[in-house]
Every structure is written in C-alpha cells, then in structure tokens.
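Single-structure report; data block below.
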Amino acid sequence: MAENQCIPGQEMHGVDSNALYLTTPDEKRHLGISPKYGDIEYVDRTMHTNVLQLSKGVPSEPETYRLALDYLRKFGIDRSQLATKPSTNDYTGPNEFAIRRLIKTQGWSDPTTHKEINDIFEEGIYFVRQVDGVDIDGIVKGGVFIAFGEDAKIAELEITWRGLEPFQLLPTLTPAQITEEIRLGHAKWRPYLPDFKAMKRMTLTGFTPFYRGQPGDTAPEEQQHYFEPYVIVYASLDGSTNATLYGELAILANK
C-alpha cells in the first residue's frame, strides 16, 4: 500500500499490543492485522467513487464465488473448516459452502430516458467457519467476509480465524435432557421470556448446535479462552406455527 502510515505495536481495536495498522494518508484504505486474536480487516473506500455512473468490472455472482475461493486459498484458509450445504445453483457442484451474500447497489433516474437505473457496485460473500462439523455462531465471530468492487478488486475483507486446539472432551446433553432443561426454565429465550404459567402449550420444533465464537475486536478483559458448544432451540407457542420462539441453552453436561 503506497505511502502508508505504519504503526507497529498500536493496539488494533484496543485488543492486541502486537497488532499492525496501515493506512493511506487520505485514510481511504486501511489494513489492520491482529495476530493474537486471528483478526484481519481491510477496507478500500476508493472502490466506489463514480456516484451516479455505472460501475465497471464488478464480478457477477458466479465470478464472485470463484474469486472468493481463490483468495481463501491464498489467505491459507482451511476450506475443510467452512460450513457447507446442498447446492442451490449450477456453478458450485453438488455442495456449496454455507454462504451469505452482500450486494451493494445505487439507483437513480436517467435524466434523458427517465428510466430507473440499478447499479451494482459491490458483490460480497460471507463464509462461516465450523469446528468438528459444528458452525461457529456468526461470521464476525469465526469466518471470512470478502467483497469485490470495480475491476474485481477487493473492496472489503474481514477474517476472524483464531488459532484453536482441542482442549478437553466433555459429554453434552442428550435430546431428552435438553427438553428437560427447557421445561425447568434454563433456556435463555429471545427476544423475550414468555409467561410460562399463562402459556397453554409450547412445542419444540428443533434445535441447532453451535460453538460460541467471539469477534476479534473484543476487549482484552472479556476475551474467551474456550469455544464452548450450545444449542439454539426452536419452539412454537400454543401450537401456532406463526408464534415462533428462539432459545439458547448451554449443553455441556457437567456445567
């Protein structure tokens, strides 16, 4: 990055005294690297400068996917640690990574033709990390986000990929035990806690296991040392499929 300001030892987001932060004098591009917490952040705000003009060379959806996979290889990301799902398109093969997409657009009315213009100036993909086949709960807590702008150049990059090692093998709750824990009121419901006494019936419709991750910019005193598993529980109230409730429950049996 030409004409950068290099500040070794500056704390990136206040969490890592060994972090490195680089920025251009106009502050439109910056790169932050926090080795201790496995966090890399890059932003190029020069990508989209032609407001109300059609962007050039922004990759299509299939091209974005292929470019992103190539950059994952260059970044040294272990693709076996990325969540997958059955493919829903014709360019990824029978299986694809469990991704979410970001599309940034601008729109305006052409002053000559009066037609509405919808311009895509950035295409991005979020990849979710998994450990032992279990997803980490959120891309910013474990995964990669990469977005491309004009001429297929990287406009945004966020990698949260902490070094993990197996620590201890512990038993987890069985489905029957999970149900009992919910009955005892140990689940943390969101977005609200229902009045169990007034409720006629709650039907559990399923649950999904996760590892609890953490963003790379978390304060030092709040940094976690262990990635613990838990489940998100799905339930319907009074038998109504429209009244859906989400609950969080720790599943380590010895807790």
TODO: Please specify each residue of the stretch 47-75 satisfying the condition of being surrounded by 12 or more Cβ atoms within 10 Å (Cβ to Cβ) and either of a type in the set (Asp, Glu) or in a helix (DSSP H, G or I) (or both).
DONE: Glu61, Pro62, Glu63, Thr64, Tyr65, Arg66, Leu67, Ala68, Leu69, Tyr71, Leu72, Phe75
Task: Any chance Trp161 is more than 15 Å from Gln81 (Cβ to Cβ) and crowded, with 16+ Cβ neighbours inside 10 Å - done: no
- [ ] Given the conditions (1) modelled with pLDDT of 85 or more; (2) closer than 17 Å to Phe145 by Cβ, report the number of the one that Lys56 does not fulfil.
- [x] (2)
- [ ] From (1) touching a residue at least 40 places away in the same chain (Cβ under 8 Å); (2) under 29 Å from Gln223 (Cβ atoms); (3) over 18 Å from the mean Cα position of the chain (by Cα), pick out the condition that doesn't hold for Phe127.
- [x] (3)
- [ ] Please go through the stretch 97-152 and pick out each residue that is assigned to a loop (DSSP other than H, G, I, E, B), under 30 Å from Tyr230 (Cα atoms) and either in contact with a Cys (Cβ under 9 Å, 6 or more places away or on another chain) or of a type in the set (D, E, K, R) (or both).
- [x] Asp132, Asp137
Task: Subset tally (residues that are small (Gly, Ala, Ser) and without any contact (Cβ under 8 Å) to a residue 12 or more places away in the chain) for the stretch 81-112 - done: 3
Open item on the list: Could you check the stretch 81-91 and list, in sequence order, the residues that are small (Gly, Ala, Ser) and crowded, with 16+ Cβ neighbours inside 10 Å?
Closed with: Ala83
Task: Among the candidates Asp119, Asp78, residue that is charged (D, E, K, R), crowded, with 16+ Cβ neighbours inside 10 Å and either closer than 18 Å to Gly149 by Cα or under 19 Å from the mean Cα position of the chain (by Cα) (or both) - done: Asp119
Open item on the list: without any contact (Cβ under 8 Å) to a residue 12 or more places away in the chain, in a loop (DSSP other than H, G, I, E, B) and closer than 25 Å to Gln214 by Cα: which single residue out of Leu164, Leu169 fits that description?
Closed with: Leu169
TODO: Go through the stretch 201-217 residue by residue and tally those that are of a type outside the set (Gly, Ala, Ser) and more than 30 Å from Ala235 (Cβ to Cβ).
DONE: 1
- [ ] Quick one: which residue in Ile146, Ile139, Ile99, Ile117 is at pLDDT 95 or above, among the β-branched types (Val, Ile, Thr) and in contact with a strand residue (DSSP E or B) (Cβ under 6 Å, 6 or more places away or on another chain)?
- [x] Ile146
- [ ] Among what's in the stretch 1-40 and is at pLDDT below 50 and in a strand (DSSP E or B), pick the residue that is nearest to Ile77 (Cα to Cα).
- [x] Cys6
Open item on the list: Looking at the stretch 56-70, can you tell me whether even one residue there is among the small types (Gly, Ala, Ser), free of Cβ contacts under 8 Å to residues at least 24 places away in the same chain and assigned by TED's automatic domain parsing to the domain that holds Asp110?
Closed with: no
Task: Only one of Glu158, Glu181 that is modelled with pLDDT of 90 or more, more than 27 Å from the chain's Cα centre (by Cα) and among the acidic types (Asp, Glu) - done: Glu181
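The values are calculated or read from the model by the stated rules, or taken from the named source; none is laboratory data. Predicted, not measured: the structure shown is a model, and the values here were computed from it. Methodologically, a virtual Cβ is constructed for each residue, glycine included, from the backbone with ideal geometry; neighbour enumeration extends over all protein chains shown.
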